[in-house]
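In what follows, a single structure is set out as structure tokens and then discussed.
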Amino acid sequence: MATAAGAPMVQAQGSGKITGRILFKGVPPEPMKIRMAADPRCQQANPNGAERRQIDGKNGGLTNVIVSIKTKVKGTFPPLTTPVVLDQSGCMYTPAVIGLMVGQPLKMRNSDETLHNIHPRPVVNEGFNVGQPRKGMETEKKFDKPETFFPVSCDVHPWMRSYIAVFDHPFFTTTKEDGSFEIPNVPPGEYEIEAQHPTLKIMTGKVVVKAGAAGVVDITYTLK
Ligand SMILES: [Cu+2]
């Protein structure tokens, strides 16, 4: 991204990083069975049925958590220009959670031979409802304000669900299967970080980052 004069915009890029794991204690609920009989094309795509794990992960780690820096980071952060893809495939959304920067394109794609509509329900940002009747259709949208997780659903297939969080900086990431995460390019400082999960409350943690080094922080959810 460049200014009108062609000079690169100032972007504070640190040499440190934040790493850690988001963990959970307790017994995860049974996966929810998804019945797709309402749409034969969806059922065809999932002959053995489908399910959703609200609490998912490996080795005590929690996946589908978006971890971000909550503390204000000094600097100017132009929007990332690479679109994040929300795919509709087999009548399910991929990925299950999405982190986006303000102004970063969200590319929604229909990979199915059936009608989907994409219906995000933000509170701070403006919502929309886009129909994609044909396979291969793509639509791009942007959000212009930071916002914590809001759901995206399909009015045709009520089981379809993803969650979007929007940030005014690039310091966020999604946990891997084992709950681990890494936020790179962090300037030195003391930070509060925030963990967002689709069905659990927001949790925070504190970490100190030194130049060229990793600040490590774990957050543990206790399942009720
Ligand atoms: Cu759908």
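Just a few scattered comments:
- The residue that is nearest to the ligand (Cβ to nearest atom), among those in region 111-144 that are within 17 Å of Ile98 (Cβ to Cβ) and among the basic types (Lys, Arg), is Arg121.
- Summed over region 65-93, residues that are closer than 18 Å to Gly205 by Cβ and either at pLDDT below 95 or assigned to a loop (DSSP other than H, G, I, E, B) (or both) total 5.
- Residue pairs meeting the criteria (Cβ under 6 Å; at least 6 apart or on separate chains; first modelled with pLDDT of 95 or more, in region 143-155; second of a type in the set (Asp, Glu)): Pro146/Asp168
- In the set (1) within 21 Å of the chain's Cα centre (by Cα); (2) outside any loop (DSSP other than H, G, I, E, B); (3) surrounded by 17 or more Cβ atoms within 10 Å (Cβ to Cβ), the condition left unmet by Asn125 is number (2).
- In region 78-88, the residues that are touching a residue at least 24 places away in the same chain (Cβ under 8 Å) and either surrounded by fewer than 19 Cβ atoms within 10 Å (Cβ to Cβ) or assigned by TED's automatic domain parsing to the domain that holds Val186 (or both): Pro78, Pro79, Leu80, Thr81, Pro83, Val85, Asp87
- Of the criteria (1) free of Cβ contacts under 8 Å to residues at least 24 places away in the same chain; (2) within 16 Å of the ligand (Cβ to nearest atom); (3) in a loop (DSSP other than H, G, I, E, B), which one Trp159 fails: (1)
- Residue within region 200-207 that is assigned to a loop (DSSP other than H, G, I, E, B) and over 19 Å from Ala96 (Cα atoms) present: no
- Selection status of Ile118, more than 30 Å from Glu192 (Cα to Cα) and not in a loop (DSSP other than H, G, I, E, B): yes
The values are calculated or read from the model by the stated rules, or taken from the named source; none is laboratory data. Remember, predicted model here, so these are calculated numbers, not experimental data. Because the Cβ atoms are built from the backbone with ideal geometry, glycine has one as well, and the counts that use them run over all protein chains shown.
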